[in-house]
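Down below is the structure, laid out as structure tokens.
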Amino acid sequence: MRSVDPVDEEAQRYQGMHAAQRQAMIERHRDSLDYFGYAPQALYWGTSEEQLARFGMLAGIGIRSGASLLDVGCGFGDLYCWLRSQDLVVDYTGLDISPEILAKGRELNPALRLVQGELFDFDWAPQSFDWVVLSGTLNWDVGEGSAYARRVIRRMFSLCRFGVAFNLLDIRTLDMTGLGEIVAYQPHKVLAFCEGITSDCTLYCDYLEDDFTIYMRRANV
């Protein structure tokens, strides 16, 4: 019988980005931070108004004060600040792959819990957080079509007690000309995938042009 190296088994189980993909993402955000400084554009958002519209949609799933929240691809931790501005005080954990972006976030909010890495780097137990949210992170092309996005969505749902909210770019309306490594998705195809995980899913396409949000809730919770 052929012996199997445990390191190889671990590599096969790991579902995150490859080293080159991770490094490209880190360098991309380092360059954008150097150029824009603390601004939504450093995170490749168009305007502050668009960013706030997305925050409102994420919170609309039912986030309330006292809840625990994992923000995947948190950037500077601006979602936490926006929630506070809405009198929503949550037990916030922000996760981002960029050490430079997180360093700026810690400078702005020293007490904020911000951790560096991607979702598959951590062995959080199932249902470790009340809510898990993601805004924009899956709009980067990591060279796997939608396979990486599907793995992230599954992992996010495994970590929530109540639900997941995330947004993606809408390929039906977005002009992809000149967008380089940005990817967009068919909303109803993503919705169908999510419905294979939980029956309680809702799609929203009416709050911003070129954007959609999906809510995934645990059934009977």
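The values are calculated or read from the model by the stated rules, or taken from the named source; none is laboratory data. Predicted model only: the values in this text are computed from it and were never measured. Virtual Cβ from ideal backbone geometry, glycine too; neighbours counted across all protein chains shown. Surface accessibility is based on the protein's heavy atoms, side chains included, excluding ligands, DNA and RNA. Shrake-Rupley method; radii C 1.70, N 1.55, O 1.52, S 1.80 Å.
Of [x] 17.9, 58; [y] 17.7, 53; [z] 17.2, 61, which is the value of Rg and Dmax of the Cα atoms in Å derived from the coordinates here?
From the options [x] 17.9, 58; [y] 17.7, 53; [z] 17.2, 61, the structure gives [z].
Give me the percent of DSSP beta bridges within segment 107-221 that run antiparallel, rounded to the nearest 5.
65
Please report Rg over Rh for segment 101-144, where both radii come from the alpha carbon positions and Rh follows the Kirkwood definition.
Rounded to two decimals, Rg/Rh equals 1.00.
Per residue, how many Å² of accessible area does segment 13-102 show with a 1.4 Å probe?
44
Using the crude model of +1 on Lys and Arg Cβ and -1 on Asp and Glu Cβ, and no other charge, please compute the dipole size for segment 105-211 relative to its Cα centre, in debye to 20.
Dipole size: approximately 440 debye.
Over the alpha-carbon set of segment 163-216, divide Rg by the Kirkwood Rh and report the Rg/Rh ratio to two decimals.
Expressed as Rg/Rh, it is 1.00.
Hey, what did the chain get for relative contact order, percent, Cα under 8 Å, at least 6 apart?
Worked out over the chain, it gives 17 percent.
Per residue, how much space in cubic angstrom lies within the convex hull of the C-alpha atoms of segment 122-215?
Expressed per residue, the convex hull around the Cα atoms of segment 122-215 is 98 Å³.
How much mean residue ellipticity at 222 nm does the chain get from its helices, if each DSSP H run of length 4 or more adds -39500 (n - 2.57) and you divide by all residues, to the nearest 500 deg cm²/dmol?
Mean residue ellipticity at 222 nm (helix-derived): -10500 deg cm²/dmol.
Please list Thr198, Thr173 from largest to smallest accessible area, probe radius 1.4 Å, with all protein chains kept in place.
Per-residue accessible area, sorted high to low, gives Thr173, Thr198.
For Ala39 paired with Ile197, estimate the spin-label separation in nm (one decimal), with each label point 7 Å from Cα along the Cα-to-Cβ line.
Using points 7 Å along Cα→Cβ, the separation is 3.4 nm.
Rounding to the nearest 20 debye, state how big the charge dipole of the chain is about its Cα centre with +1 on each Lys and Arg Cβ and -1 on each Asp and Glu Cβ.
So the magnitude is around 640 debye.
Would you mind telling me the share, in percent, of accessible area of the chain contributed by carbon and sulfur at probe 1.4 angstrom?
50
What is the Cα coordinate range of segment 63-178 on the first, second and third principal axes, sorted by size from largest, in whole angstrom?
Taking max minus min along each principal axis of the Cα atoms, segment 63-178 gives 39, 30, 27 Å.
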